[in-house]
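Everything on this sheet refers to the single structure shown next.
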Amino acid sequence: MLTVANLGCERDERVLFDHLSFSVANGMLLQIQGANGSGKTTLLRILAGLNSDYTGEVLWRGQNCRQTRQEYQQALFYLGHAPAINRTLTPLQNLRWFCGLQGFSDDAAIHAALQQLGLAGYADIPCHQMSAGQQRRVSLARLSLSAAPLWIMDEPFTALDKQGVAELEARVDAHVTSGGAVILTTHHALQTRHLLTVVNLDALRTESA
Amino acid sequence: MSRSALGLAGSLGTTLQRELQLAFSSPGRIVNPLMFFVIAVSMFPLGGRMSAEVLGTIAAGVIWVTALLAVMLSMESLFRSDFDDGSLEQLLLSPQPLYFHLQVKVLAHWLVTGLPLVVISPLLGLLLHLPEAGYGPLMLGLLLGTPALSMIAAIGTALTVGLARSGLLLAVLVLPLSIPVLVFGAGLVDTALNGLPLTGVVAVLAALLVLAGTLAPLAIGAALRISVH
């Protein structure tokens with residue numbers, strides 16, 4: 001699906017990574033590892049197309065992502081550091097907009113997704129009245145609403161309780177089983193039934209040094 | 001499943017709905033620019049001893065400049081919360097065309113911040129002894145001009161949303177770009193007061209609106225992509 005060729009990125013005259021190449025196929029779970037400040041988030045943002053300040057190429061199904069932006073974005077689900085949930089709106093309002101941006105409307109699916117995440121009855125409560133973990137769950141409800149085959153997730157386990165972490169791991173496993181691909185960063189020891197591919201940015205840097 | 005595909009219009013509808021919900025859930029976004037507009041304009045008569053006649057001649061200019069400032073100040077909130085909470089990234093990553101979503105977003109913002117200014121402007125005209133023939137052209141000019149100003153200001157907002165304190169920089173970026181709208185907007189009232197035909201000036205204002213409405217979303221999109229880096 002996604003091929004990264006010879007990717008390099010500098011920030012403030014400091015090389016974050018260079019000559020980075022890997023590819024992500026269907027049914028693959030890829031974890032980006034590295035210490036704080038090693039460029040994990042920057043790498044994910046480059047892959048998602050949010051950061052274009054890099055050398056090398058990011059190819060989606062053989063074509064440069066910059067040229068096939070719309071097609072690529074159709075296939076991409078990105079979960080960033082920030083939850084992308086407006087705190088003054090309710091979960092229902094937030095998720096309706098998300099669905100609208102994907103080009104469909106489906107209130108029943110939104111309610112089902114919220115229920116699945118233990119937020120039944122919270123659909124019409126402004127998000128600022130909810131805890132950080134609950135807001136994170138609202139953000140994760142988008143996973144069930146998205147049909148994208150490629151998930152890019154930056155620290156998705158932040159603020160989740162034990163049960164939430166287990167549920168999300170199961171969700172990631174199910175996505176990989178069904179032929180999707182997941183790229184994520186986490187500092188938590190990921191439990192998965194699938195083969196975990198690791199790209200370690202620290203090792204990469206010591207190699208090249 | 002009751003999933004129904006939305007066309008482009010439906011998708012834009014959800015953006016419009018969201019922006020309006022946001023505005024009405026924090027009424028300060030609607031009321032503050034309006035209050036600023038009223039208070040700032042009403043300070044001009046207090047600032048100097050001016051005869052009703054003199055006030056009448058500067059009324060259009062005062063109202064237009066203040067409206068411009070009100071639009072610009074209200075624009076600060078356009079992308080701020082979306083930038084902070086990550087919603088902006090989702091908008092940029094949407095497979096839907098960004099151009100139209102940005103157009104709708106600015107339009108929705110104008111509906112709740114710019115349109116009230118247009119509606120209340122005759123009252124301020126009265127306060128400044130605007131001659132009777134000036135009211136219609138004032139409102140018409142603002143109706144065409146404020147959405148154009150919103151579009152122009154949104155470019156500046158998009159460029160500065162990543163900065164912590166953007167107020168003055170925003171003014172420096174946006175005010176020079178707003179001059180044509182200001183000149184023809186205030187000029188429309190003068191033209192009317194001098195008893196000259198309005199068609200030409202109205203056409204120029206309408207053209208400026210079309211120009212801003214079609215070109216600004218491109219610039220806003222490019223600016224946002226830079227800002228989220």
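If you check B:VAL172, B:VAL161, B:VAL204, B:VAL189 for being over 14 Å from the mean Cα position of the chain (by Cα) and within 14 Å of chain A (Cβ to nearest Cβ), only one passes: B:VAL161.
A count restricted to the stretch A:134-177 and to residues that are part of a loop (DSSP other than H, G, I, E, B) and not acidic (Asp, Glu) stands at 9.
Applying the set (1) buried (at least 19 other Cβ atoms within 10 Å of the Cβ); (2) closer than 27 Å to B:LEU140 by Cβ to B:SER87 leaves exactly one unmet item: (2).
Kindly establish whether A:ASP18 is surrounded by fewer than 18 Cβ atoms within 10 Å (Cβ to Cβ) and within 14 Å of another protein chain (Cβ to nearest Cβ). No, not satisfied. The set of residues from the stretch B:161-180 being part of a helix (DSSP H, G or I) and in contact (Cβ under 8 Å) with a residue 60 or more places away in the chain comprises B:GLY167, B:LEU170, B:ALA171, B:VAL174, B:LEU175, B:SER178.
Taking first residues from the stretch B:73-100 that are more than 10 Å from chain A (Cβ to nearest Cβ) and within 20 Å of B:SER11 (Cβ to Cβ) and partners that are surrounded by 22 or more Cβ atoms within 10 Å (Cβ to Cβ) and among the basic types (Lys, Arg), the Cβ contacts under 8 Å between residues at least 6 apart in sequence or on separate chains come to B:LEU78/B:LYS105. A:THR68 falls short on exactly one of the conditions (1) free of Cβ contacts under 8 Å to residues at least 24 places away in the same chain; (2) among the β-branched types (Val, Ile, Thr); (3) more than 14 Å from chain B (Cβ to nearest Cβ), and that condition is (3). Take the residues of the stretch A:88-118 that are in a loop (DSSP other than H, G, I, E, B) and buried (at least 20 other Cβ atoms within 10 Å of the Cβ): which is nearest to the other protein chains (Cβ to nearest Cβ)? For the stretch A:88-118, the residue satisfying everything is A:ASP106. Take the stretch B:7-23 and flag every residue that is crowded, with 19+ Cβ neighbours inside 10 Å, within 7 Å of chain A (Cβ to nearest Cβ) and of a type outside the set (S, T, N, Q). If the condition is that a residue be crowded, with 19+ Cβ neighbours inside 10 Å, within 7 Å of chain A (Cβ to nearest Cβ) and of a type outside the set (S, T, N, Q), then B:ARG18, B:LEU22 are the ones that fit. Within the stretch A:44-87, the set of residues being more than 12 Å from the chain's Cα centre (by Cα), assigned to a strand (DSSP E or B) and either more than 30 Å from A:LEU160 (Cβ to Cβ) or among the aliphatic types (A, V, I, L, M) (or both) comprises A:THR55, A:GLY56, A:GLU57, A:VAL58, A:LEU59, A:GLN63, A:ASN64. Against the criterion of being among the hydrophobic types (A, V, I, L, M, F, W, C), more than 10 Å from chain B (Cβ to nearest Cβ) and either surrounded by fewer than 16 Cβ atoms within 10 Å (Cβ to Cβ) or outside any strand (DSSP E or B) (or both), A:ALA35 qualifies. Checked across the stretch B:43-56, the condition of being assigned to a helix (DSSP H, G or I), crowded, with 17+ Cβ neighbours inside 10 Å, more than 8 Å from every other protein chain (Cβ to nearest Cβ) and modelled with pLDDT of 95 or more holds for no residue. The set of residues in the stretch A:52-65 that are out of contact with any strand residue (DSSP E or B) (no Cβ under 8 Å at 6 or more places or on another chain) and within 13 Å of chain B (Cβ to nearest Cβ) contains only A:SER52.
Restricting attention to the stretch A:147-180, which residues are within 21 Å of A:GLN74 (Cα to Cα), in contact (Cβ under 8 Å) with a residue 60 or more places away in the chain and crowded, with 16+ Cβ neighbours inside 10 Å? Once the filter is applied, which keeps residues that are within 21 Å of A:GLN74 (Cα to Cα), in contact (Cβ under 8 Å) with a residue 60 or more places away in the chain and crowded, with 16+ Cβ neighbours inside 10 Å, the stretch A:147-180 yields A:ALA148, A:PRO149, A:LEU150, A:TRP151, A:ILE152, A:MET153, A:ASP154, A:PRO156, A:VAL172, A:VAL176, A:GLY180.
The values are calculated or read from the model by the stated rules, or taken from the named source; none is laboratory data. Treat the numbers as computed from the prediction; the structure is a model and nothing was measured. Because the Cβ atoms are built from the backbone with ideal geometry, glycine has one as well, and the counts that use them run over all protein chains shown.
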